[in-house]
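Heads up: the structure comes next, in structure tokens.
Throughout, read-outs are computed from the coordinates displayed, never taken from laboratory work. Quick caveat: nothing in here was measured; it's all calculated off a predicted structure. Quick reminder, even Gly has a Cβ in these numbers, built from the backbone with ideal geometry, and neighbours come from all protein chains shown.
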Amino acid sequence: MHIMEGFLPSPWWEIWFLISLPFIIIGVYQLNKLVQEKREALPLLAVAGAFVFVLSSLKLPSFNGSCSHPTGTGLGAVLFGPCIAGVLGLIVLVFQAVFLAHGGLTTLGANVFSMGIAGPAVAYAIYKVGTRVGANTYATVFVAAALADLFTYVVTSIQLALAFPGTTGFVGAFTAFAAIFAVTQVPLAIIEGAIIMLVFKYIVDL
Amino acid sequence: MTPLLETDNVTYTYPNGPAPALSGVSITITAGSKTALVGANGAGKSTLLLMLNGILRPDSGEVRFSGRPLAYDNRSLRDLRRRVGFVFQNPDVQIIAPTVEADVAFGPVNLGLSPDAVRRAVGDALGYVGLRGYEKRPPHHLSGGEKKRVAIAGILAMEPAVLVFDEPTSSLDPASSEEVMELLDELASGGRTVLVSTHDVELAYRWADSVILMEHGRVLARGAPEEVFSDHDLLAAARLKPPALLDLYNELALRGVIAPGAPPKSVLEFTDRVERAMHGHVPDRDEPGQIYLCNADLTGGDDIRALIRSGMVDHVGAMGTRAKEFVGRERILLDYTYGVIDKCILKALNGENSLIITTGGMVGHVQRRIAEYGDESGRVIPVTPVQESASPEPSREPALE
Amino acid sequence: MTPLLETDNVTYTYPNGPAPALSGVSITITAGSKTALVGANGAGKSTLLLMLNGILRPDSGEVRFSGRPLAYDNRSLRDLRRRVGFVFQNPDVQIIAPTVEADVAFGPVNLGLSPDAVRRAVGDALGYVGLRGYEKRPPHHLSGGEKKRVAIAGILAMEPAVLVFDEPTSSLDPASSEEVMELLDELASGGRTVLVSTHDVELAYRWADSVILMEHGRVLARGAPEEVFSDHDLLAAARLKPPALLDLYNELALRGVIAPGAPPKSVLEFTDRVERAMHGHVPDRDEPGQIYLCNADLTGGDDIRALIRSGMVDHVGAMGTRAKEFVGRERILLDYTYGVIDKCILKALNGENSLIITTGGMVGHVQRRIAEYGDESGRVIPVTPVQESASPEPSREPALE
Amino acid sequence: MYEMLDDFAQTNGLRGTSPGLKLFLGLTSILLCVSSPGPVAPLLVAVSLSVAILVLARIPPRVYARLLLIPVSFAVMSIIVILFITESGTVLVEVPGLPLAVTADGANLAILLLARVFGGMCSLFFIALTTPMTEVFDILKRLGVPTVLIDLAMLIYRFIFILIEEAGQIYRSQVMRLGYGRFRESVNSFGMLAGALFLRTWESGEALVLAMDARCYDGKLGIPGDARPVSYPALGVVLVYLGAVLAVSLKTGGLLLI
């Protein structure tokens, strides 16, 4: 779920930039090192990034919107680690803003945090835990993808509630934002989980 | 000759395209015809094909199927698409399921057929394209020609009345191209309407009975291939080259070496024409050879093997995918797998015997073609049907598990 | 005729491949030759090409460049790859950067050239393939033919001695194919060694001076194209079809209609041969037309336009990408953009005048070709060079901003 | 499928203008919108940049109108929340039977937010529709953004267009075979599409490594870009415009519409 350009007022958009920045800096540093060690890492990261972009800009069936961003970068996190996945997320979000008018530039900090860092981190964590306890792989993938989506939307709701606490205060505002976006985001997360599971099955079947 | 698919003054511009991709295109595809849409890349062929299937909607003008204008609601479109099957240029984007079987089943499943009906449709379609036994294979390990046939089977399984092929032989090697074109011939002779887009003039010249020449989103000409392709200025305007044989023929006719008339379509005809021009007639040679003709649906492998072992046959060719499947099963070695009729006639003229193995409707086609040659050249070649065996094997094997 | 690239008994099996992709392949590519590696899909052509620039390493056997066996350390490989340029079949695979300019610069930048040298190399390479003015375009806005030329420019910018093309005309339409093949001719006539893999026998027949026929990872035959392609059994074994003109010629020779000998490579030669067979000589007609020959590097657009306006010229053709670029800049309308020499000779035989616009080394090529025709046919066609103007325009424009 | 705004940026009427200037104009407008205390300045930006997009850049109105609809669904939902969680100020409308009410403060905040979103989105559209990404890469490089980041972005850019084309073809071929019919088939079809795309992506990646190696890849990408000079009259116009927006923003800061 992308926060549109112009929606986050000062100082919130600056704050989210500052929060995301360390992850990106570490990511760029790691990326530099990775590329110098393994030259073929760059092209592979690039196609992975392009895949995340294309997947998250395709409309999900019967829904006007898609959210595969966190699971896409979640996959990146599994392969390259969460900070480099954050860098991928940053680039993809810039392209989404500029090519498709999804999201924005001042809201980039907030969106990178929710979709490029927080969501993938959840996907990464669940996947790691799932494989360690030896849970059913498909179930793990489903849960990781769906929860990554849900967590992203929770983070977005927090970001909005912090910026617009209204008169009810943060908790009330968060409840209100979370409730209204749940209408689209909860079914979307479930469908997305199912689809990512199908993709996973498809790849395993080959 | 009823018009099955028509476009009436269709115009279309892509949302961010600079120029119209189609401007005022009116074409008519008659039922049962073999039509080739010929033009250079960017002439508007693919855009037009996508109109016929309702994927694109004209900015103005109208597309009609069986005389009725297309409706663009979901239900009508689904109905249209099961009748007008579309085979894409690149099979890699069309074959996406993890196995051949699952891929061919995609259409029938979406049609809502019962599992049994789906299985039957898949088996029939794979049999038709000669890929029985490939059910469980993953498509990305197949050769280019095999992938193409899987893509065709995926469309055939929905039993469309019209088959539309976008550049069917693109990036296939000559043998695979011939096999695919032979398959299209078979489909057409089975009563289906076949429409092909191509920039390969040679292919269109040999295959099509009607040609539509396109350039810059317009129709430049339509008609029989030998007429359309004889006009060099027209072809040059369409950024195409004339077929080599036609070009040579026209040049010889221009210099008065050969009498103008219906141009030849094959090396065989051409040779005869030149001989006639030089001697006034095709000279008699020794006794011509025999052509044995075998319908694999009715004959067992043993009879054929016996015939070959007897030494009466010098060359063996098979036509059609089902015949080739049969030959593979019966482990009969082939000399010719494409251009079979012409090659066997040439051999017969040199006094050698050959055997053509084919199936179903193609048998009549072979007989007609050889008889036509006899009428034209005055040299009759005897065709001997191979006798049915007393205990014929079942004409179709059950699907392999 | 020094061997530049050799493989000696090279064998290779892909890590998860069932059968060897190459088994005991020994070939020799001489410096300055135009060689075509011909075979059906899966014959091992691409695998062999990937050996030649060290992308794949033979399981056994040896690859030699300039007589020295390849070394497979990083440094030697980089050195090899700047000398042996490889153009992939699919330009989308090869084009890496987001603009034409940045992509062509990729090689030179990685070779460590100075920014100025990079800019010069990019400008020259784009000029050579006729894509000046395309510098800032993103590759996905180009046509298939343009993409191919960008891919070629990207390799040319590294100034390799050998150019290796995998299926150079695959999925291009006839006009784009001719343009690419003409470009390859230009490269070869500029002294580069050019090696092409293809399943298009027609193309190899017309273009190559040496052919290597492959099948199932082995070399079936090598030699001059007219020899290799005259052997029908060999071609059939390689799952290929003979070129139409050669096939017709051999059939006519077999029936004794035409005297056997060096087979013709073009419609023009063929026509003459048939005429000679019928009349004993090519009959004299009226006075042949003139061919005006203009070197665009030396002549200004005004002179050419004046010539065309004077009515002395009936047809105008341009050969080579630089000449076409010039023609586009000067807004001269062309009748012929490919197969120019043959078409102009045909017109001259009919008494019409034509003008051929070309550049640099191609001028000599045109003169030789027309003189050769005169020697062979006994009909000399006068070639008139277009005079240089008193104040020639600069032969090259500065790169567009 | 989506329309890629970059396709318009490659051919628009302002293609020749300095990309740095366009980027400066767009980014500053966004900042002015986000920090404007009142709704007038963002609305002014929205209108004036829309005019620039339609008249100067000659973007088809039909295309632009569709773009303007993109922010609507997000904006509407968020603004409904904001309306109902702001309970101070005069009550304008009450929802019968529920403890929900729209107050003047809430309405004013909602209007301000809508204005900022549209001002910001129009500025973003201005950048997206007039400045090709390929030129932005050059600018970023000169601004000292880490090379590895730009190289990665450039490769991603290139492959986005290749993959989106393939995704489109796969999608069409599924539709031809009646995919995406009912809900279950839709999910199934989409899963196959994504899986096939993943496979193609992987193959593309391997092919890319090969192609880069064959072209002597040594860790460098791209060329020193040549800067396009900024025309001073154009710079002057932009500065005057931005100054005017700033002045309006300061002047109308306290203005409330309700």
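Along the positive direction of the dipole of the range B:3-244 (beta-carbon charges: Lys, Arg +1; Asp, Glu -1; about the Cα centre), which of B:Met214, B:Leu50, B:Val228 reaches farthest?
B:Leu50
What is the set of long-range amide H partners of B:Gly24 at a cut-off below 5 Å, with H atoms built 1.01 Å from backbone N?
Placed amide hydrogens put B:Val10, B:Thr11, B:Tyr12 under 5 Å from B:Gly24.
Express the C-alpha Rg of chain D as a ratio against the empirical globular expectation 2.2 N^0.38 Å, rounded to two decimals.
Ratio of Rg to 2.2 N^0.38 Å for chain D: 1.28.
Could you tell me, in Å, what Rg and Dmax come out for the Cα atoms of the protein assembly as shown?
33.5, 112
Roughly what percent of Cα-Cα pairs across the range B:192-244 reach past 19 Å?
Everything past 19 Å amounts to 16 percent.
Show the residues, 5+ positions off or on another chain, whose built amide H is closer than 5 Å to the amide H of B:Ile258.
Those lying under 5 Å, H to H, from B:Ile258 are B:Ala253.
Taking chain A as a Gaussian network, where each spring joins two C-alpha atoms under 10 Å apart, which residue of A:Pro43, A:Pro187, A:Pro82 fluctuates the most?
A:Pro43
Pairs C:Lys45/C:Lys324; B:Lys148/B:Lys324; B:Lys347/C:Lys241; C:Lys148/D:Lys141; C:Lys147/D:Lys220: which are spaced more than 24 Å apart, C-alpha to C-alpha?
C:Lys45/C:Lys324; C:Lys148/D:Lys141
Mind grabbing the base-10 log of I(q)/I(0) for the range D:1-101 at q = 0.20 Å⁻¹? Debye formula, identical points on the C-alpha positions, no solvent, two decimal places.
For the requested q values the scattering log ratios are -1.17.
What ³J(HN,Hα) values, in whole Hz, does the Karplus curve 6.51 cos²θ - 1.76 cosθ + 1.60 give for the range C:305-318 when θ = phi - 60°, with x put for Gly and Pro?
4, 4, 4, 5, 5, 4, x, 6, 10, 8, 9, 10, x, 10
Below 8 Å between Cα atoms, with a sequence gap of 6+, how large is the relative contact order for chain B in percent?
Reported as a whole number, the value is 16 percent.
Taking H placed 1.01 Å from N in the peptide plane, check which residues at least 5 places from B:Leu220 or on another chain put their amide H under 5 Å from its amide H.
Those lying under 5 Å, H to H, from B:Leu220 are B:Leu213, B:Met214, B:Glu215.
Run the dipole for the range C:291-386 about the Cα centre, Lys and Arg Cβ at +1, Asp and Glu Cβ at -1, nothing else charged, and hand back the magnitude in debye, nearest 20.
Result for the range C:291-386 is approximately 180 debye, rounded to the nearest 20.
With only Lys, Arg, Asp and Glu charged, each at its Cβ (+1 for the first two, -1 for the last two), find how big the charge dipole of the protein assembly as shown is about the Cα centre; round to the nearest 20 debye.
Computed charge dipole of the protein assembly as shown: roughly 3460 debye.
Go ahead and set up a Gaussian network model of chain B, Cα springs under 10 Å, then flag whichever of B:Gly112, B:Gly85, B:Gly154 fluctuates most.
Its mean-square fluctuation being the largest, the pick is B:Gly112.
Report ³J(HN,Hα) in whole Hz for each residue of the range B:218-233, in order, from the Karplus equation J = 6.51 cos²θ - 1.76 cosθ + 1.60 where θ = phi - 60°; Gly and Pro get x.
10, 8, 8, 6, 8, x, 5, x, 5, 6, 4, 7, 7, 8, 4, 5
Rounded to two decimals, what is the ratio between the C-alpha radius of gyration of the range D:139-214 and 2.2 N^0.38 Å? Can you show the working numbers first?
Details: Rg = 16.9 Å, N = 76, 2.2 N^0.38 = 11.4 Å.
Taking N as the residue count of the range D:139-214, the ratio is 1.48.
Measuring from a point 7 Å out along Cα→Cβ, what nm distances, shortest first, does C:Arg64 have to its partners in the other copies?
Relative to the other copies, C:Arg64 has label-point distances of 7.3 nm.
Treating the Cα atoms of the range D:114-258 as identical point scatterers in vacuum, please give the log10 of the normalised Debye intensity I(q)/I(0) at q = 0.15, 0.16, 0.19 Å⁻¹, two decimals.
-1.00, -1.05, -1.20
Throw me the Rg/Rh for the range B:25-155, computed over C-alpha atoms with Kirkwood Rh, two decimals.
Rg/Rh: 1.00.
Residue by residue through the range C:347-354, what is 3J(HN,Hα) from phi via Karplus (6.51 cos²θ - 1.76 cosθ + 1.60, θ = phi - 60°)? Round to whole Hz and write x for glycine and proline.
Running phi through 6.51 cos²θ - 1.76 cosθ + 1.60 with θ = phi - 60° gives 5, 4, 4, 8, x, 9, 8, 9 Hz.
Using only the Cα atoms, what convex hull volume per residue in Å³ does chain A have?
Working: hull volume 25.7 nm³, N = 206.
Normalising the Cα hull of chain A by residue number yields 125 Å³.
Where nothing but the Cβ of Lys and Arg (+1) and of Asp and Glu (-1) is charged, how large is the charge dipole of chain A around its Cα centre, in debye to the nearest 20? Working shown, then result.
Details: 7 positive and 7 negative charges, 67 e Å.
Dipole magnitude for chain A comes out near 320 debye.
Per the Kirkwood treatment, what hydrodynamic radius in Å, one decimal, follows for chain C from the mean inverse distance over all distinct Cα pairs?
About 22.8 Å, per the Kirkwood formula over Cα pairs.
So if I average 1/r over every pair of distinct C-alpha atoms in the range C:198-327 and take the inverse, what Kirkwood radius in Å does that give? Intermediate values should be presented prior to the final figure.
Details: mean 1/r = 0.0549 Å⁻¹.
Averaging 1/r across every pair of different Cα atoms and inverting gives 18.2 Å.
Who wins for biggest fluctuation among B:Ala318, B:Ala208, B:Ala371 in a Gaussian network model of chain B, springs between alpha carbons below 10 Å?
Most flexible of the set in this elastic network: B:Ala371.
Could you list, bin by bin from short to long, the percent of Cα-Cα pairs of the range B:324-385 in 5 Å steps?
4, 15, 28, 26, 16, 7, 3, 1
Kindly provide the helix-only [θ] at 222 nm of chain D, computed as the sum of -39,500 (n - 2.57) over DSSP H runs of four or more divided by all residues, to the nearest 500 deg cm²/dmol?
-23500 deg cm²/dmol
Taking a label point 7 Å from Cα toward Cβ, how far is B:Gly364 from its twins in the other copies, in nm, shortest first?
Relative to the other copies, B:Gly364 has label-point distances of 6.5 nm.
Which listed residue (B:Asn16, B:Ser76, A:Ile26) has the Cα farthest towards the positive end of the charge dipole for the protein assembly as shown, taking +1 on Lys and Arg C-beta and -1 on Asp and Glu C-beta about the Cα centre?
A:Ile26
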